[in-house]
Each structure stands twice: as structure tokens, then as C-alpha cells.
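Where a number appears in this text, it was derived from the coordinates with a stated rule and is not lab data. As the structure is a computational prediction, the values presented were derived from the model and not from experiment. So basically every Cβ, Gly included, is an ideal-geometry build from the backbone, and we count neighbours across all protein chains shown.
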Amino acid sequence: MRDIVKAFRRPPIRPLPVRPRDRNGGFPRLSDGPMLLDGAQGLRCLASPRHALLAENLGKPSLWVNIKDLWYKAPDRGPMRIVSAADVEAALDFESLVERLRQAFRRDIVVPLRHHHTVETPDGVDATLLLMPAWQTGRHIGIKMVTIFPGNAERGLPAVMGAYLLLDGETGSPLAMIDGPMLTARRTAAASALAASYLARPDCERLLMVGTGTLAPQLILAHAAVRPIRNVLVWGRTEDKAAKLAKRLNRSDFRVQHTTDLEDAARGAHIISCATLSVEPLIAGEWLQNGQHLDLVGGFRPDMRETDDMAIRRARVFVDTRAGACTEAGDIVQPLESGVLDPDDIAADLFELTRGERAGRRFYDQITLFKSVGTAIEDLAAAQLTVERV
């Protein structure tokens, strides 16, 4: 009897996480008074003091709490992981990422239209805020938040910054916060490489990289992962940046040099990849040679252009997604508005290419053009692969 009285006099302890079901799968009946908790398994049963003493005598670990102090906590999945840019780069080799994107475009992933907002800045150059959600039922939910500040180059900062949040698809609990710029750079380059695997000639060896920003080295390496690239020329508005990039990537079996003659470099390339923020065409259609593949990555607003109408007329046009390219990409929007390009002239998107619904390159001498603006499918697929590997 003395032990029973002593049990009732034990001071209340801090609330503890308990499970909504007991070990037998039933829901306990809540009432006031003491409760016996299993220290390892959570809620065991409602217990009288006598039952509690019996349990303790049997050597089962237990704690006394008051019912009114109990609160429910979902099963702990561990702390949300913070994935750095270095971890992302190490996890996403281009061979694996290209194949993961290929599978992602074949699956049913829900992708609402991205939120695209113009943000005024003190220096008068408008910035851009992008919000890109996507989810795969029962697996994951993801959302990328991206800012694009063109004036950042003068501050020594990347023009594109952001973060990616990956959530559990069953509970909504946060799983990882992933470095946005590196995830974006890797998946964007991989998407271009995925398109090139259908559109570029199998024997392509010469690549022209137009642009020297964050995406440039990623695009060079991504294209080299799907085609036997051996010689690369880099062109940029600032020659010094082009020279530094070429020096960083150059090696004995992979020759990378910079150039100041954009026209001559474009005429001699097998693949031309553009990743700039230009609002005026850089690649002229009259420069294009039979059999070339033109990869346009940079222009993500209707007022941006990386090539001219002549290139659109001469090439067979492909896009990553019709909804995005036809509303956001100046290289597609402007020709559509002027009548140079008809919506039916767009040969295929990545959904149709990866599923075999439309053909890519039809013959050796055909000029192909791929315009990407990005899609949250790519972000989700890259985030999933990243979390699997880190």
C-alpha cells in the first residue's frame, strides 16, 4: 500500500511523445489519472497503480505521467537535411542525371505552371522571382525558389540564386533543403544533354559555348557526357572570363580554348550551346551549317533572344515543355507573335521525345534547335537523386 501511495505522489514530468495506438493496435481511452508508458515503445495502456507496480516488478521500463500532460507527436523522421552545393555536385554525375530526367519525363509528375514575378530593384534593372512546385503522388513534394538579379555580376555575385525544399509525399514533413543554384545548374545542363541525345548527331566532336556564367561549365561537361566532344571553344562578352573558363576546363584529352570570333566559331561547331541573358540575338541563322544542333538555354523571358528569326526558319524546333517555352521564352514567343513560327511547327517536347511519341533528328544534315526554359519535373528528379546519394 505504501508503494501505491508513493506512486501517486510522484511529481509530473515533462510531456513525452506517445503513439496514438497501443501495441495491440487499438486506441486508448483517455481519462484523468496516471498512465503507464513504455520507455521504448510509447503508450502501452491505461494502468491502475496496482497494474503499474506489477509491470515494474516484471522489469518493464515505464514512466508515470498524467493524461492531461500528454501530447501527440508524429513519428520522428530525423532532422531536415541541409545539402550543400558541393554535395549536390558530387551526387549528380551527368550520366546518371540524364537518365533520371529521361525517366522523369515518362512518369506522371504533377507540375503546376510556375509562378513568375518581376521584382523592381534600386538599380533600375528588374529582377525575377520564380516559384516552381512539383509532386509525385506518394513519394515527394518539392518547390524551388529562385531569384535572378542580372546586376549581380557587377557585385561579384551569381545572377541566379535560390533553394530547393523537398518534402515527404505522404506526410508533408520537410526532408531536405538543397542548394538551389547548383541543383538548377546541374539539372538545366542535364536537360540540354538529354535533348542532345535525341537531336545532335552521334559523331559530334566540336562544341561552341556562348556565355561564361555559372551554366557554361556545366553545359560543356553535360554535352560531353552524351556526345564524343573533344574540342570546345568558349565565347563571352568579356574575353578575360572566357579565357579563364577555358583554362580551367582544358586538359590533354579535352581541348578547351576561348575565342573572340563568334561567327567563325559558330560556323565550325557541331553543337552550339547558348547560356546568356541577352535581349538581342547573338547567333545569326545565316551562320548555321547543315547538321548542326543549336541549344538555347539562357533566354527565359519574352524579351530575351539568343538567336534570330532566320535560325528559327532554318531549323527543326524542339522545346522542353510547350507550355513554358510558348509563354516565357523570347526565342519562341517572338517568332510565334510575328508569324515566323506556328505552334504546329514545334516538332516535339521532351515528353514526346522520351516517350517515343515524336522523332528527334530525322536525317544527318538537318539543323535542329532546342529551346529550354526549365521545368519543375527536372528539379524534383534531381532533388530525389541527390537525397538518395548524400
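Descriptive notes on the structure:
- For residue 301, nonlocal amide neighbours, meaning residues 5 or more places apart or on other chains whose placed amide H falls under 5 Å from its own, are 330.
- Rounded to the nearest whole Hz, the Karplus-based 3J(HN,Hα) values (6.51 cos²θ - 1.76 cosθ + 1.60, θ = phi - 60°) of the stretch 306-316 follow the sequence 10, 9, 9, 5, 4, 5, 5, 5, 7, 9, 8, with x at glycine and proline.
- Rounded to whole numbers, the Karplus 3J(HN,Hα) couplings from phi for the stretch 216-226 are 4, x, 5, 5, 4, 5, 5, 5, 5, 7, 10 Hz, using 6.51 cos²θ - 1.76 cosθ + 1.60 with θ = phi - 60°, and x at Gly and Pro.
- Backbone geometry of the stretch 288-296 corresponds, through the Karplus equation with coefficients 6.51, -1.76 and 1.60 at θ = phi - 60°, to 3J(HN,Hα) couplings of 5, 10, 4, x, 6, 10, 10, 10, 10 Hz, x marking Gly and Pro.
- Here the extension length gained between residue 173 and residue 389 equals 75.8 nm, from 0.36 nm per residue of separation less the Cα-Cα distance.
- For residue 258, the amide hydrogen comes within under 5 Å of the amide hydrogens of 234, counting only partners 5 or more places away or on other chains and with H modelled in the peptide plane.
- With neighbours defined as other Cβ atoms within 10 Å of a residue's Cβ, the residues 203, 168, 179 order from fewest to most as 203, 168, 179.
- With the simple model of a label 7 Å out from the Cα in the direction of the Cβ, residue 239 to residue 290 spans 3.6 nm.
- Pairwise FRET efficiency - residue 80 versus residue 340, Cβ, R0 = 35 Å, nearest 0.05: 0.15
- Fully extending the segment from residue 153 to residue 363 would add 71.5 nm, taking 0.36 nm per residue of separation and subtracting the current Cα-Cα distance.
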